[in-house]
Amino acid sequence: MNEGSRNRWDVSIDEALAIQDRLRPLVSTETALPLDTIRTIAGVDAIYSDDAKAAVVLLAYPSLDIIDRAVAVRRNTFPYVPGLLSFREIPAVLLALDLLMQQPDVIMADGHGYAHPRRFGLASHLGVYLDRPTVGCAKTRLVGRYSEPGPLVGDCSPLVSGRETIGMVVRTKRNVAPIFVSIGHKFDLATAVDLVLSCGRGYRLPEPTRLADRLSRAPAAPTLFP
């Protein structure tokens with residue numbers, strides 16, 4: 001683990017912006033694990049009000065059979081600031097990951113990675129912090145422009161900011177709103193899209209984040225942390 005990729009979470013807004021600027025150059029856009037070498041994948045999602053609640057579902061890949069799941073709740077120490085949500089959500093995500101019986105090869109986050117105003121969204125921050133391959137898979141656009149992709153599963157169009165492609169808009173279910181895929185860490189964009197599509201099971205969301213989203217909203221008692 002590269003200690004230079006770590007950061008504190010109880011910081012000011014200015015400190016958080018400086019952390020993003022410091023860590024952003026560490027994002028790798030090269031695929032570290034080809035799809036045929038991946039054995040496990042975790043979907044992560046977080047919701048929050050006064051507390052941050054993170055859900056993680058660990059799946060075998062490519063079968064997507066559930067291996068393990070965990071939920072953790074942690075008191076928020078950072079305000080709600082668009083573009084800095086990783087500072088609210090990742091501490092709870094890390095606690096939930098620690099509750100798993102094994103750590104995943106790859107993490108798919110319900111959120112953005114490179115498709116972020118400062119090119120360092122939650123998926124990238126989590127990947128750099130853990131030095132683990134991650135993909136961002138968001139329900140809504142945060143930044144950039146795009147043309148609507150075709151109506152069929154697998155149809156894509158680039159998400160563009162300025163002259164740069166920052167992600168891909170991907171149709172995962174016929175005639176249903178697309179999702180927004182971006183590099184997190186240690187993936188190229190084409191492979192990230194292939195991974196998301198390989199995790200489709202007939203729903204709009206890929207199975208890892210769909211299950212994490214569902215678990216985050218379930219009434220079962222989570223593990224609580226101060």
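The values are calculated or read from the model by the stated rules, or taken from the named source; none is laboratory data. In this text, all values refer to a predicted model and were calculated from it rather than measured experimentally. Backbone-built Cβ (ideal geometry, glycine too); neighbour counts: all protein chains shown.
A few notes on this one:
- Residues located in the stretch 203-222, provided they are outside any helix (DSSP H, G or I) and either within 14 Å of Ile179 (Cβ to Cβ) or of a type in the set (Phe, Trp, Tyr) (or both): Tyr203, Arg204, Leu205, Pro206
Residues checked against (1) within 19 Å of Cys137 (Cβ to Cβ); (2) touching a helix residue (DSSP H, G or I) at 6+ places or on another chain (Cβ under 8 Å); (3) of a type in the set (Gly, Ala, Ser):
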| residue | (1), (2), (3) |
| --- | --- |
| Ala42 | yes, yes, yes |
| Ile47 | yes, yes, no |
| Ala55 | yes, yes, yes |
| Pro62 | yes, yes, no |
| Ala70 | no, yes, yes |
| Pro79 | no, yes, no |
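- Selection over the stretch 13-67 of residues that are among the acidic types (Asp, Glu), under 18 Å from the mean Cα position of the chain (by Cα) and surrounded by fewer than 20 Cβ atoms within 10 Å (Cβ to Cβ) gives a count of 1.
- Taking the stretch 178-201 as the range and being in contact with a Lys or Arg (Cβ under 7 Å, 6 or more places away or on another chain) and free of Cβ contacts under 8 Å to residues at least 60 places away in the same chain as the test, the residues that pass are Pro178, Ile179.
- Within the stretch 97-125, tally of residues that are in contact (Cβ under 8 Å) with a residue 60 or more places away in the chain and in a helix (DSSP H, G or I): 3
- From the options Gly150, Gly121, Gly144, residue that is within 22 Å of Ala32 (Cα to Cα) and at pLDDT 95 or above: Gly121
- Hey, Leu159 buried (at least 22 other Cβ atoms within 10 Å of the Cβ) and farther than 30 Å from Arg22 by Cβ or not: no
- Test set (1) under 16 Å from the mean Cα position of the chain (by Cα); (2) surrounded by fewer than 23 Cβ atoms within 10 Å (Cβ to Cβ) - Arg171 fails condition number: (1)
- Comparison of Leu205, Leu122 shows that the only residue that is in contact with a strand residue (DSSP E or B) (Cβ under 9 Å, 6 or more places away or on another chain) and more than 23 Å from Val27 (Cα to Cα) is Leu205.
- In summary, Asp131 fulfils each of the numbered conditions (1) within 15 Å of the chain's Cα centre (by Cα); (2) under 21 Å from Val57 (Cα atoms); (3) crowded, with 21+ Cβ neighbours inside 10 Å with the single exception of condition (3).
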